[in-house]
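The values are calculated or read from the model by the stated rules, or taken from the named source; none is laboratory data. The structure displayed is predicted, hence computed values, not measured ones. Positions of Cβ are generated from backbone atoms using ideal geometry, with glycine treated the same way; all protein chains shown enter the neighbour counts. All accessible areas refer to the heavy atoms of the entire protein, side chains included, with ligands and DNA or RNA removed. Shrake-Rupley method; radii C 1.70, N 1.55, O 1.52, S 1.80 Å.
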Amino acid sequence: MSMRRRRYTDELSAANDGERVCIAGWVHEKRDLGGVFFLILRDFGGLAQVTLHRGDVDKELFARAKRVPRESVVAIEGRVKGEEKAPSGYEIIPERIEVLNESSQILPLDTTDKVGAELDTRLDARFMDLRRERVKHIFIIRSRVLRAIRDFFNERGFMEVNTPKIVSAATEGGTALFPISYFEREAFLNQSPQLYKQMLMASGFDRVYEIGPIFRAEEHDTTKHLNEATSVDIEVAFATEEDVMSILEELVAHVYTQIADYPGLSRLGTGLEEGFDVPKVPFPRITYDEAIELVSESGEQIEWGEDLSASAEHVLGETMGEHYFIIEWPSAIKPFYAQPSPHRSDICTAFDLMHPRLELASGSQRVHSYELLRANIESKGLSADDFEFYLDAFRYGMPPHAGWGLGVERLLMSMLRVDNIREVVLFPRDRRRLVP
RNA sequence: GCCCGGGUGGUGUAGUGGCCUAUCAUUGAGCCCUGUCGAGGCUCGGACUCGGGUUCAAAUCCCGACCUGGGCGCCA
């Protein structure tokens, strides 16, 4: 059977009536009515009904079609017949059915969604879970989101870069790293491309972006954390935090715009049957001071200089209702590379992009002074010697610059209203899961 | 790391000490049925996480282990 002649089920319709075609895929369902037998074939495009009438088709073919186990892979040659009684307006009258690979029974999951399955069960049999329609659409959307992000940056003169994922030292502090064995030394999986993208600012690559994996060894076990995630990172020279905040909100709006008309949104089962609204730019900005004030009105007290708790973020999300920025954070709870505010010594240029449900991104203008950066590293209790490879870039002409990092999975789960971040990763890595 | 839940056929579930030879759906095997689209009807097969304990009696109560869901903390 030639793959060149293979057609997708969604390319066909009643308009192809009479054409001889070849389709291939999985046996999604079988309905045996005695004298008439329906085999529902599934490929990447969708479903097609293959109809066999006893008497009209070869006896052997009829019997073999009934015997093929569900989820087996088959290639079918036959004629398209426009048929109002068929679910998609046409059916295939087969002349040949070739079983390319028979599926074992009983299946680990139901691909027809008649019976549910828990996430853990689904992830154990992820290859089969991904055959389910709603799950497939999540990853088609994910792919489209990544494409939209690349288009956005490429159109704006950004250069895509790749920085190392195996690194020598604790990068930013704050989070736990995965140690790995690197020949005779210890190394780590990178928690973020932060230091490397900043170093590129000193190279004159003044608008860079990277989409890549980040690794966090935190032993958290929640619906919004992963130990291996994907981040979109940018760094822009001669820019302030306001400049990169504009880029960020425009990016989010662009991504929403690109996905808003995707028909598969309605198949997700997450309440997006009517699609979604593209968030309006600019997003509201509230300062950290305003944020803790708002939270205190709801009864929860946050001391100035403390990070916002989960319940505080929830209160803010309720109040703000849509995407918003929290700006002017205390320097003490932001990383060493956040540039201090020009107006106040105890706050910095850092910002967080919040969705009502969770934090999506954080960024800042960066410290570009070697002396200040070195002092900041030391004052955070880190050793400046470990950062020599990074600090060197600041001694020979580092322009002012700003940037941010955005969690792809968080963007997706918030956009698609998915409850668990694992849903938007093909093979998620969490506290317990290392396979598949 | 802390707190609170849960582990019953392949999958999803009912069952809070004896009515359990364990419910229902779906899946699987088989039979009937010539227009199904969650097809329908009939027959059959298939499970109490593991190890201790309490009791005349444990799926059910207790202890431990393992697995697992959620919340908090940390973090993006």
For the stretch A:1-59, which GluC sites (Glu not before Pro) are in a loop by DSSP, counting at most 15 other Cβ atoms within 10 Å? A:Glu19
Test of understanding: in a Gaussian network model of chain A with alpha carbons linked when under 10 Å, which of A:Tyr396, A:Tyr370, A:Tyr196 would top the mean-square fluctuation ranking? A:Tyr396
For A:Asn101 and A:Ala260, calculate 0.36 nm times their separation in residues minus their Cα-Cα distance, and state this gained length in nm to one decimal. 53.5 nm
Have a look at A:Ser203, A:Ala260, A:Thr223 and report the one farthest towards the positive end of the charge dipole of chain A, computed about the Cα centre with Cβ charges (Lys/Arg +1, Asp/Glu -1). A:Ala260
For the stretch A:24-125, listing trypsin sites (Lys or Arg not before Pro) in a DSSP loop whose Cβ sees at most 12 other Cβ atoms within 10 Å gives A:Lys85, A:Lys114
Keeping all protein chains in the complex and leaving out DNA, RNA and ligands, what accessible area do you get for A:Phe238 with a 1.4 Å probe, in Å² to the nearest 10? 150
Helix A:370-379 sits off the longest principal axis of the Cα atoms of chain A, rounded to the nearest 10 on a 0 to 90 degree scale, by 80
Residue-level accessible surface for A:His53, protein heavy atoms, 1.4 Å, Å²: 70
Suppose all protein chains stay in the model; what accessible area per residue would a 1.4 Å probe give for the stretch A:87-180, in Å²? 51
In a Gaussian network model over chain A where Cα atoms closer than 10 Å are linked, find which of A:Ser88, A:Ser246, A:Ser331 has the largest mean-square fluctuation. A:Ser88
Pulled fully out, how much extra length does the chain show between A:Met159 and A:Asp120, if you take 0.36 nm times their separation in residues and subtract their Cα-Cα distance? 10.2 nm
Cβ-derived FRET efficiency at R0 60 Å, A:Val73 paired with A:Asp221, nearest 0.05: 0.95
Express in nm, to one decimal, how much length is gained between A:Phe205 and A:Arg150 on full extension, taking 0.36 nm for each residue of separation and deducting their alpha carbon distance. 18.1 nm
Tilt of helix A:310-320 relative to the longest C-alpha principal axis of chain A, in degrees (0 to 90, nearest 10)? 80
Heavy atoms only, probe 1.4 Å: what % of the accessible area of chain A goes to carbon and sulfur, would you let me know? 50
Accessible area, 1.4 Å probe, largest first: how do A:Val281, A:Val145 sort? A:Val281, A:Val145
Placed amide H near A:Ala338: partners under 5 Å, 5+ positions off or other chain: A:Val367
Where in the stretch A:175-200 does the amide nitrogen come within less than 20 Å of the point 7 Å from the Cα of A:Tyr396, taken along Cα to Cβ? A:195-200
Rounded to the nearest 0.05, what FRET efficiency do A:Glu297 and A:Asp17 give with R0 = 60 Å and r taken as the Cβ-Cβ distance? Could you check? 0.35
Could you give the size of the charge dipole of chain A about its Cα centre, using +1 on the Cβ of each K and R and -1 on the Cβ of each D and E, expressed in debye and rounded to the nearest 20? 2420
D_trans [Stokes-Einstein, Kirkwood Rh over alpha-carbon pairs] for chain A, 37 °C, 0.692 mPa s, µm² s⁻¹: 132
